[in-house]
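Here's the structure, in structure tokens; my notes come after.
Every number here is computed from the coordinates shown, using simple stated rules; none is lab data. For clarity, every value in this text was computed on a predicted model and none was experimentally measured. Quick reminder, even Gly has a Cβ in these numbers, built from the backbone with ideal geometry, and neighbours come from all protein chains shown.
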Amino acid sequence: MTQPQAGTMRDSQPVNEPVIIAQDVEKWYDNNFHVLRGVSLTVNKGEVVVVMGPSGSGKSTFIRTFNALEPYQKGTIDIDGIRISHDLKNIETIRREVGMVFQQFNLFPHLTVLKNVTLAPIWVRRWPKAKAEEVAMTLLERVGILEQANKYPGQLSGGQQQRVAIARALAMQPKIMLFDEPTSALDPEMVREVLDAMRTLAAEGMTMVCVTHEVGFAREVADRVVLMADGVLVEEATPEEFFNNPKEERSRKFLSQIL
Amino acid sequence: MTSITPPAATRPPIAQTGPLAWARKNLFSDWFNSILTVVVASVLLWSGWGLVTWIFSKAQWPVVENNLGFMMTGLYPQAQYWRMWIIMGLIVTLSGLSWGILGRNQQYLFGRSVLIGIGAIAAAVILFPLTRPHSPILFGMVALTVATAWVGQQAGKRLPALSNWLAAGWFLVYIASIWLIGGGLGILAPVRTENWGGLVLTLLMAVTGIALCFPFGIALAIGRRSELPIVQSLSVAYIELVRGVPLITILVMGQVMIPLFLPEGVRPDRILRAIIALTIFSSAYLAENVRAGLQSVPRGQSEASVSLGLNKPLTLILIVLPQALKTAIPAIVGQFISLFQDTTLLAPLGLLELLGMANTALSNPNYLGRYAEAYAFIGVLYWFFCYAMALGSRKLEQQLNTTH
Ligand SMILES: Nc1ncnc2c1ncn2[C@@H]1O[C@H](COP(=O)(O)OP(=O)(O)OP(=O)(O)O)[C@@H](O)[C@H]1O
Ligand SMILES: [Mg+2]
């Protein structure tokens, strides 16, 4: 299913081992707004899937069901073999394995950058402080924020904040990373530094689901692109096919708006 | 392509300074402001002059001078006044240490304004007729503050972990003070609570009430936002019930009605009843202040926290509550200040705190009608402590500000 021309910069190729299996997921907001209308998606280990679609189509809602930030009412979602149910224990286990990066960064403003990154490893993984800080420093160096480790988030630029948010999620050593429009709140000149960090991550073989409208990133990094519209997945294709030769009318219309 | 040379680094333009420039800008910027300035200045001068002449020639201060001990400590046995000085010494010592330890990274602990302040207090202690009998001790207290602040700074530089022990230190001082006031343990002669009074009682009730209503208020605010319907409705019921009743009603219930129901033996002490009543009342208001703070924390904060795998209690304690309390500081301290002043409502109920002692002094025929002097004096005392709280709140806000 993975085309050789996609993801050519990857060191490791995805293997055929599903880590996210969503089947016929349906969700209603406030018992009346049918936001997800039977969505199915399988993501293999090491795969990068980009989710696109018009505003309000349910992209955020969909990927937020993967770490149980949004409950769903019908269908099933299995993350790395664990079914997302109402069981709190399961949910906490899943959240430990799934990192998430938000459009608005959501860094903790009352903690330094270093504390933002070490918080979860110390309290959830129960690592000793020294180990958590060592790992945090390595990650901050990788995303190029090492010098800012003792500053507060409010003292950083948007691009720097988003890179800290990526490091914070990675510090838990997750198996899967979710990105919800990570560059949409950034000034254009900062988009690149964040995309670069994501590229590196993909090259290292991280399983990623990204909601993004960055066509360049999708073309270069994604194994698959899916288009969501009105709560359903309209098309699922390699980036090559999707951008050059979309099958669905809905996709063509969407692409004509963003390209 | 021509390269553009960047302009040489310059300094920001020098501000027009000097008192004249300042006055022109702030007081006389146009004819309307000039008239306003002249009018306001004359009113201020006129009333200020009136105040000064009253203080120094018309007012008769013996009502304060001769009752100073009563106003400070109530009917506390004079032979035991030394205990009060020890308490003051403990508080001064720990204040100095806290100041030094928390300010350990400041280059000058004693900056110019601080030095002027210390000098002014020292001069007042020596020159002010009211305090003259005790000026050696009071002067010693000022010196102790400076010395302990210096020690605190030196110690704090070497052992930054000391700052984590300050809260425990204050708790110990609180316990020690109560023991010193009340005596007991077979070491100090007991002093019955009927004899506790004056400023000491005011401070004791206010500090205890504040220390108790803070955790209760937070718990109620969290309860009000709980997903458990029983917890939520109980919290709402408590908050709305208490907020619907005037404080004086709750205080009267505590002082007058509870004794009617409970026999002498099991009846809690009246000071304790007063503190409980103040706490019951203030917790409800504090809960609403904290709730406003909780609501001001964006949802993304708890989403980010739980998506990292932190459970709900940890998310609340580590992420949401610190931010909520920080935004709520001004409102919370406002509530503390109210509680402090609300202790005066206990005077008409026969509890001889600061206002009660002033009233007792005024009932002495020797000081007939000297209300202005007595109330001016205790008013200054109330102002001093409330202003200190307001100042502390502002400092805390500055220290917790992480956006610059
Ligand atoms: N908490 C909520 N309660 C009710 N309706 C909601 C809620 N959150 C989102 N919606 C609605 O659900 C729909 C899908 O929202 P969602 O945020 O998933 O869209 P999206 O595809 O991510 O859009 P965007 O590109 O603008 O981020 C929208 O119509 C939105 O108004
Ligand atoms: Mg969205």
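Of the residues B:347, B:331, B:124, which exhibits the maximal mean-square fluctuation in a Gaussian network model of chain B defined by a 10 Å Cα contact cut-off?
Looking only at B:347, B:331, B:124, the largest GNM fluctuation is found for B:124.
Could you give the length gained on full extension between residue B:341 and residue B:132, defined as 0.36 nm per residue of separation minus the Cα-Cα distance, in nm?
Stretched fully, the residue B:341-residue B:132 segment lengthens by 72.4 nm.
Using label points projected 7 Å from each Cα along Cα→Cβ, tell me how many nm separate residue B:172 and residue B:364, to one decimal.
Calculated label separation equals 4.0 nm.
For every helix of n ≥ 4 consecutive DSSP H residues, a contribution of -39,500 (n - 2.57) applies; sum these over chain A, divide by its total residues, and give [θ] at 222 nm rounded to the nearest 500 deg cm²/dmol. If you can, show how the numbers build up before the last one.
Values: 9 runs with 94 residues, N = 259.
Value at 222 nm, helices only, nearest 500: -11000 deg cm²/dmol.
List, largest first, the extents of the alpha carbons of segment A:162-259 along their principal axes, each in whole Å.
That gives 41, 29, 24 Å along the principal axes, largest extent first.
Compute a Gaussian network model of chain B, connecting alpha carbons closer than 10 Å, and tell me which residue from B:63, B:39, B:256 fluctuates the most.
Highest fluctuation of the listed residues: B:39.
Starting from the Cα-Cα distance between residue B:60 and residue B:116, subtract it from 0.36 nm times their residue separation and give me the gain in nm to one decimal.
Gain on stretching residue B:60 to residue B:116: 17.2 nm.
Would you mind telling me the antiparallel percentage of the DSSP bridges in chain A, rounded to 5?
55
Report the antiparallel proportion of the DSSP beta bridges in the protein assembly as shown as a percent, rounded to a multiple of 5.
Restricted to the protein assembly as shown, the bridges split so that about 55 percent are antiparallel.
Go ahead and collect, in residue order, the members of segment B:313-337 whose backbone nitrogen is under 14 Å from a label point 7 Å along the Cα-Cβ direction of residue B:296.
B:321-335
Using DSSP to call loops (not H, G, I, E or B), can you name the GluC sites (Glu not before Pro) in segment A:174-206 whose Cβ has at most 15 other Cβ atoms within 10 angstrom? Can you show the working numbers first?
Working: sites: A:189, A:193, A:204; in loops: A:204.
Taking segment A:174-206 and a limit of 15 other Cβ atoms within 10 Å, the loop GluC sites (Glu not before Pro) found are A:204.
In a Gaussian network model over chain A where Cα atoms closer than 10 Å are linked, find which of A:152, A:72, A:29 has the largest mean-square fluctuation.
It is A:29.
Mind checking the full-extension length gain between residue B:376 and residue B:312? Use 0.36 nm per residue of separation minus the Cα-Cα distance, one decimal, nm.
Extra length available between residue B:376 and residue B:312 comes to 17.9 nm.
If you consider only alpha-carbon coordinates, what radius of gyration and Dmax does chain A have, in Å?
Spelled out, the Cα radius of gyration and Dmax of chain A are 18.0, 55 Å.
Only helical DSSP H runs with n ≥ 4 go in: add -39500 (n - 2.57) per run for chain B, normalise by residue count and round the 222 nm mean residue ellipticity to 500 deg cm²/dmol.
The per-residue figure over chain B is -22000 deg cm²/dmol.
How big is the equivalent ellipsoid of segment B:126-186 along its three axes, where each semi-axis is √(5λ) from the Cα gyration tensor, reported in whole Å from largest to smallest?
Result for segment B:126-186: semi-axes of 27, 22, 7 Å.
Averaged over A:98-107, how many beta carbons belonging to a partner chain fall within 10 Å of each residue's beta carbon?
4
If a/c stays under 1.5 just call it rounded; otherwise compare a/b with b/c (prolate if a/b is bigger, oblate if not). Do that for chain B, with a ≥ b ≥ c from the square roots of the Cα gyration tensor eigenvalues.
Oblate, because a/c is 1.5 or more while a/b does not exceed b/c.
Give the Debye-formula value of log10 I(q)/I(0) at each listed q (0.18, 0.24, 0.25 Å⁻¹), with one equal scatterer per alpha carbon of segment A:26-129, two decimals each.
Ignoring solvent entirely, the Cα scatterers give -1.06, -1.41, -1.45.
State the percent of C-alpha pairs, over all pairs in the protein assembly as shown, separated by a distance greater than 40 angstrom.
Considering the protein assembly as shown, 51 percent of its Cα-Cα pairs are separated by more than 40 Å.
Please work out the FRET efficiency for the pair residue B:384 and residue A:173, using the Cβ-Cβ distance as r and a Förster radius of 41 Å; give the result to the nearest 0.05. Display every interim value, and only then the final one.
Numbers: r = 55 Å, r/R0 = 1.35.
According to the calculation, E is roughly 0.15.
With respect to the cross-link table entries A:45/A:74; B:326/B:395; A:129/B:395; A:131/A:175; A:175/A:247; A:45/A:131, which display a Cα-Cα separation exceeding 23 Å?
Checking Cα-Cα distances, A:45/A:74; A:129/B:395; A:175/A:247; A:45/A:131 exceed 23 Å.
Over all directions, average the projected area of the Cα convex hull of segment B:193-370 and note it in nm².
12.9
Looking at segment B:223-266, which trypsin sites (Lys or Arg not before Pro) are DSSP coil and have at most 16 other C-beta atoms within 10 Å of their C-beta?
Passing both the DSSP loop test and the Cβ count: B:225.
Using Cα positions and a limit of under 16 Å, work out the lysines in reach of residue B:312, with same-chain residues fewer than 8 apart set aside.
In chain and number order, the partners are A:89.
Note down the nm distance, to one decimal, between modelled labels 7 Å out along Cα→Cβ at residue B:139 and at residue A:255.
9.1
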